[in-house]
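The values are calculated or read from the model by the stated rules, or taken from the named source; none is laboratory data. As the structure is a prediction and not an experimental result, all values here were calculated from the model. Virtual Cβ from ideal backbone geometry, glycine too; neighbours counted across all protein chains shown.
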Amino acid sequence: MTTQSSSDAQSASQSASRSDSKSDFQPDSQPDSQPNSPPASGHASALSLADAQALALRVAIPVDASETVPLRGALGRVLATDVHAPFDIPAYDNAAMDGYAFDGAELASAAPDGHVMLAVAGAAFAGRPFDGTVPAHGCIRIMTGAPMPAGCDTVIAQERVSTQADAIRFAARDVPRGANCRRAGEDLARGACALAAGRVLRTADLGLLASFGVASVAVRRRLRVAVFSTGDELREPGEPLAAGSLYDSNRPMLVAMLERLGVEPLDLGIVRDDPAALEAALRDAVAARADAVITSGGVSVGEADFTRDVMARLGDVTFASLALRPGRPLACGTLAPADGDTRPALFFGLPGNPVATAVTFHAIVRPALRAMAGARTPPPALHAALSTHALKKRAGRTEYLRGIATRDVDGTWRVAPAGSQSSASLSGLSAANCFIVLGHDAGNVDAGAPVDVLPFDGLI
Ligand code: AMP
Ligand code: MG
């Protein structure tokens, strides 16, 4: 770790008496909360992350409409139905390497020195089968992927034979019967379920579907999710920064996160801290038939008062103080559907501090949107790594530190906190390659102790 916050240095001196030389790491050098924030995380009234995730999943009703899309463009889409192999894959026995194909029974005719001699009767190439008959004590030259000729079940690799005029000679022990031959149906038998409904299509899946000869696939319809930022202090790029203002970083980040999820974002811009403007923006999002609406900012206690009134008019939204750091305030629920529509829109009011926005998105919004999209995928896997630093952690809330995980020469994964852990510090999030996830019940972590890490790779 190259950067440490001032509080790290402070806690390093406090921990000087420890046997290890590592400093204690203070997760957040600045308090998340403003003076009028909701009760501190870990407080009895705070909602645990698991309960918040369950609350979000409860209101995330999967979409059932589907559409057929070309394979090109299906990456990341959610498969609508099971897909079965329409025929054996591979469809015919074929050579797994360049060499010579023969009937494995010939191996029994090896000379006393253990060698087999076969006459070369022809050749088979991928796309150009040998359609003759392979004579007794004969073989054919065969290339990878070429169909095995009738009566042949074994291929000897070309580098294991010596060629003599129109014959080959090789040691029988070099090739067991059946070697180097890919059997029809050995990958997938006709009718086998190759991909299950709910699968989020990956690149290899598209290759697999293409091998079935299909050019298109049925997928669930794409979610449409409206995003806007709230705050009088927020500015758009190109606008001058007046004193006390800052550029809106949450919205571009959230839009990108949604794109990563295969969701169509609907960018509704910046909404001022004004109940009428907030209500109009929410009504616009619902009228645009958004499946979900994500806002950032405006849900901390001081601001939540008017947000709460607006929400009460438009839907059924719970305001929670989360036992999660960063990411204390959260509003989650549904907005009543527009006229003529039956599905309510999901609503997530995320905290305004950018790292809190990112953490609540990944921990709460992402799984809910995945479920709503019809995806049946396991949550991203946590990995174990040894913490390079002692970490201060209060039991009774989940903490997501930003970490940099690296692999030692001896193969051990270690993780160090990445720069500033302030919930406002996007540079810390940007420098990190993983979250260090300290579970709800966990307490302080000793240097060298194992912790869970959630790699960003493909996630952020
Ligand atoms: P709030 O949740 O509205 O109380 O905002 C908490 C902090 O996050 C404040 O410092 C805001 O200025 C900041 N913030 C809120 N929204 C954004 C945004 N879209 N981009 C960057 N910072 C923001
Ligand atoms: Mg605000």
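Just checking, which of D93, D88 is of a type in the set (D, E, K, R) and out of contact with any strand residue (DSSP E or B) (no Cβ under 7 Å at 6 or more places or on another chain)?
Working: D93 fails: out of contact with any strand residue (DSSP E or B) (no Cβ under 7 Å at 6 or more places or on another chain).
Checking each option against the conditions leaves just D88.
Out of A194, A210, I need the residue that is in a strand (DSSP E or B), farther than 20 Å from V359 by Cα, modelled with pLDDT of 95 or more and out of contact with any Lys or Arg (no Cβ under 8 Å at 6 or more places or on another chain). Which one? Lay out the reasoning, then the answer.
Values: A210 fails: in a strand (DSSP E or B).
Sole residue among the options that is in a strand (DSSP E or B), farther than 20 Å from V359 by Cα, modelled with pLDDT of 95 or more and out of contact with any Lys or Arg (no Cβ under 8 Å at 6 or more places or on another chain): A194.
Of the numbered conditions (1) within 30 Å of A197 (Cβ to Cβ); (2) in the same structural domain as L330 (by TED's automatic domain parsing); (3) touching a residue at least 40 places away in the same chain (Cβ under 8 Å); (4) not aliphatic (A, V, I, L, M), G349 satisfies every one except a single condition; which is it?
(1)
Tell me, yes or no, whether region 248-260 has at least one residue that is over 21 Å from the mean Cα position of the chain (by Cα), away from ligand 2 (no atom under 15 Å from the Cβ) and surrounded by fewer than 19 Cβ atoms within 10 Å (Cβ to Cβ).
Applying the first criterion (over 21 Å from the mean Cα position of the chain (by Cα)) to region 248-260 yields 248-249.
Next cut, away from ligand 2 (no atom under 15 Å from the Cβ) only: none.
Checking region 248-260: not a single residue is over 21 Å from the mean Cα position of the chain (by Cα), away from ligand 2 (no atom under 15 Å from the Cβ) and surrounded by fewer than 19 Cβ atoms within 10 Å (Cβ to Cβ).
Going by the structure shown, is P129 out of contact with any Lys or Arg (no Cβ under 9 Å at 6 or more places or on another chain) and either surrounded by 13 or more Cβ atoms within 10 Å (Cβ to Cβ) or without any contact (Cβ under 8 Å) to a residue 40 or more places away in the chain (or both)? Even if it seems obvious, please write down each step before you answer.
Working: out of contact with any Lys or Arg (no Cβ under 9 Å at 6 or more places or on another chain): yes; either surrounded by 13 or more Cβ atoms within 10 Å (Cβ to Cβ) or without any contact (Cβ under 8 Å) to a residue 40 or more places away in the chain (or both): yes.
Yes: the conditions hold for P129.
Filtering region 227-241 down to residues that are in a strand (DSSP E or B) and of a type in the set (A, V, I, L, M), which residue is nearest to ligand 2 (Cβ to nearest atom)? Full working, then the answer.
Step one: of region 227-241, the residues in a strand (DSSP E or B) are 227-230, 234-235.
So of that shortlist, the ones also of a type in the set (A, V, I, L, M) come out as 227, 234.
Working: V227: 15, L234: 8 Å.
Among those residues, the one meeting the criterion is L234.
Is one or more of the residues making up region 307-324 in contact with a helix residue (DSSP H, G or I) (Cβ under 6 Å, 6 or more places away or on another chain), in the same structural domain as P237 (by TED's automatic domain parsing), within 16 Å of ligand 2 (Cβ to nearest atom) and not in a helix (DSSP H, G or I)?
Yes, there is a match, as at least one residue in region 307-324 is in contact with a helix residue (DSSP H, G or I) (Cβ under 6 Å, 6 or more places away or on another chain), in the same structural domain as P237 (by TED's automatic domain parsing), within 16 Å of ligand 2 (Cβ to nearest atom) and not in a helix (DSSP H, G or I).
To keep it simple, each residue is scored yes or no on (1) near ligand 1 (Cβ under 9 Å from one of its atoms); (2) not in a helix (DSSP H, G or I).
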{"site": "V225", "(1), (2)": "no, yes"}
{"site": "A243", "(1), (2)": "no, yes"}
{"site": "L254", "(1), (2)": "yes, no"}
{"site": "G262", "(1), (2)": "no, yes"}
{"site": "D267", "(1), (2)": "no, yes"}
{"site": "A276", "(1), (2)": "no, no"}
{"site": "V286", "(1), (2)": "no, no"}
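Test L234 against the criterion of being farther than 20 Å from A52 by Cβ and either surrounded by fewer than 22 Cβ atoms within 10 Å (Cβ to Cβ) or of a type in the set (K, R) (or both), and give yes or no.
Numbers: farther than 20 Å from A52 by Cβ: yes; either surrounded by fewer than 22 Cβ atoms within 10 Å (Cβ to Cβ) or of a type in the set (K, R) (or both): no.
Taking the combined requirement at face value, the residue does not satisfy it.
Can you tell me which residue among S427, S420 is touching a residue at least 24 places away in the same chain (Cβ under 8 Å), more than 16 Å from ligand 2 (Cβ to nearest atom) and outside any strand (DSSP E or B)?
Values: S427 fails: touching a residue at least 24 places away in the same chain (Cβ under 8 Å).
Checking each option against the conditions leaves just S420.
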